[in-house]
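Okay, so here's the structure we're looking at.
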Amino acid sequence: MTKTHKILMLAGDGIGPEVMGEVSRVIKWLGENRSLNFDVTDALVGGCSYDKYGVPLTDETLQLARDADAVMLGAVGGPKWADVSYDKRPEAGLLKLRKELNLFANLRPALCFEPLVGASSLKPELVSGLDIMIVRELTGGVYFGEPRGIEILPNGERKGVNTQVYTTSEIHRAAHVAFNLAGKRDGRVMSVEKCNVMESGLLWREEAEVIGKEYPQIKLDHMLADNCAMQLVKNPKQFDVILTDNLFGDILSDIAAMLTGSLGMLPSASLGGENDGAMYEPIHGSAPDIAGQNIANPIASILSFAMALRYTFDLPDETLLIENAVNNVLAEGLRTADIMQENKATISTSAMGDAIIHAMEKISS
Ligand code: IPM
Ligand code: MG
């Protein structure tokens, strides 16, 4: 009997269902052609769950996520739910999944595929060969800190509050992930915070140093977040692993994504401890403006599944098969609209899925 790999598909809102549809096809292909046994369940998260059940994540769906080996998530949110209270917003469903599954380390690899060097907003020589790994802390910081809310002051003014909080253990466990990854890469970690204005940033820097001592073979440096944003567009290849908090990681990973050509290219893995599950999602959002048109780029989602094969299912050959197929399709000149370049062919979401599966077939034969 081959081992069963349990996957929960949470396609979500906007372009989520379209891009995840292509992931489903890749999973099906691998099941049929590589005698792998994927047990796939679908459920709702985000605005679609709110519309049906009144909450962005039901207890049943959370349980399905706990039971799965890997959760594949599309995207959540959209203008339709802009007036919903924060605790019921589509995003709250995603944040609850991250928190409840204890997925404290978010790996966001910004890798520039050679055929896309010209699609980047930076000069080709700045991004050619780019390979950065951002480790974003995912279950702490200002995303979850208390107190939070909007209150009315005695003078009638309104006051909005969010709180940036980090404890040593939260910083340590994220740092371990970064140092371990750096050990398998170029051996350098850049820890990023704002210790010039924030005590939580100073704590971050000091505790990163503490963990750094346990990894004498890894070079640890520190950078302020604003400078890091600037350096990412000035000289991105100076970075190997970037270790940073939840909010800075959110922002810096969007910048890093654009360096690679498009937000539609960047996958991510959200991992926890030994016994925790894992969730894989593209870093792009639900892109409601292009939803339902079959033009979104499914590559970030497909590469997120490749990350699941690498980190959860331990199938390095299949991981490489997908990554090489994506590279070959790009090399052939096929592009979705977001990564369009002169003299290339624009194709739809589903045609990109077709092309990637075809490339997988070709590599395998
Ligand atoms: C991301 C997204 C999410 C975040 C949103 C959808 C809550 O921007 O994964 O980068 O802010 O973490
Ligand atoms: Mg983001």
Open item on the list: I'd like the full set of residues that are touching a residue at least 12 places away in the same chain (Cβ under 8 Å) and part of a loop (DSSP other than H, G, I, E, B), limited to segment 330-365.
Closed with: Glu332, Gly333, Thr336, Met340, Gln341, Ile347, Ser348
TODO: Search segment 136-163 for residues being more than 32 Å from the chain's Cα centre (by Cα) and not charged (D, E, K, R), and hand back the single one that is farthest from Lys96 (Cα to Cα).
DONE: Asn155
Open item on the list: Quick check on segment 178-185. Is at least one of its residues part of a loop (DSSP other than H, G, I, E, B), under 21 Å from the mean Cα position of the chain (by Cα) and on the phi < 0 side of the Ramachandran plot?
Closed with: yes
Open item on the list: I want to confirm something. Restricting to segment 135-162 and keeping residues that are in contact with an Asp or Glu (Cβ under 6 Å, 6 or more places away or on another chain) and at negative phi, which single residue is most open to solvent (accessible area, probe 1.4 Å)?
Closed with: Lys159
Task: Of the criteria (1) of a type in the set (D, E, K, R); (2) surrounded by 14 or more Cβ atoms within 10 Å (Cβ to Cβ); (3) more than 17 Å from Asn106 (Cβ to Cβ), which one Glu170 fails - done: (3)
TODO: For residues that are away from ligand 1 (no atom under 13 Å from the Cβ) and not in a helix (DSSP H, G or I), scanning just segment 73-100, find the one that is nearest to Ala331 (Cα to Cα).
DONE: Ala82
Open item on the list: Condition check: closer than 30 Å to Lys362 by Cβ, hydrophobic (A, V, I, L, M, F, W, C) and crowded, with 17+ Cβ neighbours inside 10 Å. Does Ala75 satisfy that?
Closed with: yes
- [ ] May I ask you to say which residue of Leu259, Leu315, Leu243 is within 16 Å of ligand 2 (Cβ to nearest atom) and in contact (Cβ under 8 Å) with a residue 40 or more places away in the chain?
- [x] Leu259
Open item on the list: One residue is enough: does segment 262-269 have a residue meeting the conditions under 19 Å from the mean Cα position of the chain (by Cα), assigned to a helix (DSSP H, G or I) and modelled with pLDDT of 95 or more?
Closed with: no
Task: Which listed residue is farther than 29 Å from Phe305 by Cα and away from ligand 2 (no atom under 16 Å from the Cβ), from Leu271, Leu203 - done: Leu203
Task: Filter result (under 22 Å from Gly14 (Cβ atoms), over 13 Å from the mean Cα position of the chain (by Cα) and surrounded by fewer than 22 Cβ atoms within 10 Å (Cβ to Cβ)) within segment 270-296 - done: Pro288, Asp289, Ile290, Ala291, Gly292, Gln293, Asn294, Ile295
- [ ] For segment 270-293, name all the residues that are more than 28 Å from Leu203 (Cβ to Cβ), within 12 Å of ligand 1 (Cβ to nearest atom) and modelled with pLDDT under 95.
- [x] His284, Gly285
Task: Hits in segment 347-365 - residues which are of a type outside the set (Gly, Ala, Ser) and within 25 Å of the chain's Cα centre (by Cα) - done: Ile347, Thr349, Met352, Asp354, Ile356, Ile357, Met360
Task: Within segment 49-72, tally of residues that are open to solvent by less than 30 Å² (accessible area, probe 1.4 Å) and in a helix (DSSP H, G or I) - done: 4
Open item on the list: Based on this model, can you work out whether Leu107 counts as within 16 Å of ligand 1 (Cβ to nearest atom), closer than 18 Å to Met307 by Cα and modelled with pLDDT of 95 or more?
Closed with: yes
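Conditions (1) within 22 Å of Arg89 (Cβ to Cβ); (2) aliphatic (A, V, I, L, M), marked per residue:
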residue	(1), (2)
Thr2	no, no
Leu8	yes, yes
Gly16	yes, no
Val26	no, yes
Glu32	no, no
Asp39	no, no
Asp51	yes, no
Val55	yes, yes
Asp59	yes, no
Open item on the list: Please verify whether Leu103 is on the phi < 0 side of the Ramachandran plot, in a loop (DSSP other than H, G, I, E, B) and open to solvent by less than 10 Å² (accessible area, probe 1.4 Å), treating the condition exactly as stated.
Closed with: yes
TODO: List the number of the failed condition for Gln238; all other conditions in (1) in contact (Cβ under 8 Å) with a residue 24 or more places away in the chain; (2) under 22 Å from Ser120 (Cβ atoms); (3) more than 15 Å from ligand 2 (Cβ to nearest atom) hold.
DONE: (1)
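The values are calculated or read from the model by the stated rules, or taken from the named source; none is laboratory data. What you see is a predicted model; the values in this text were computed from it and never measured. Here Cβ is always computed from backbone atoms with ideal geometry, including for glycine, and neighbour counts include all displayed protein chains. Only protein heavy atoms, including side chains, enter the accessible area calculation; ligands, DNA and RNA are left aside. Shrake-Rupley method; radii C 1.70, N 1.55, O 1.52, S 1.80 Å.
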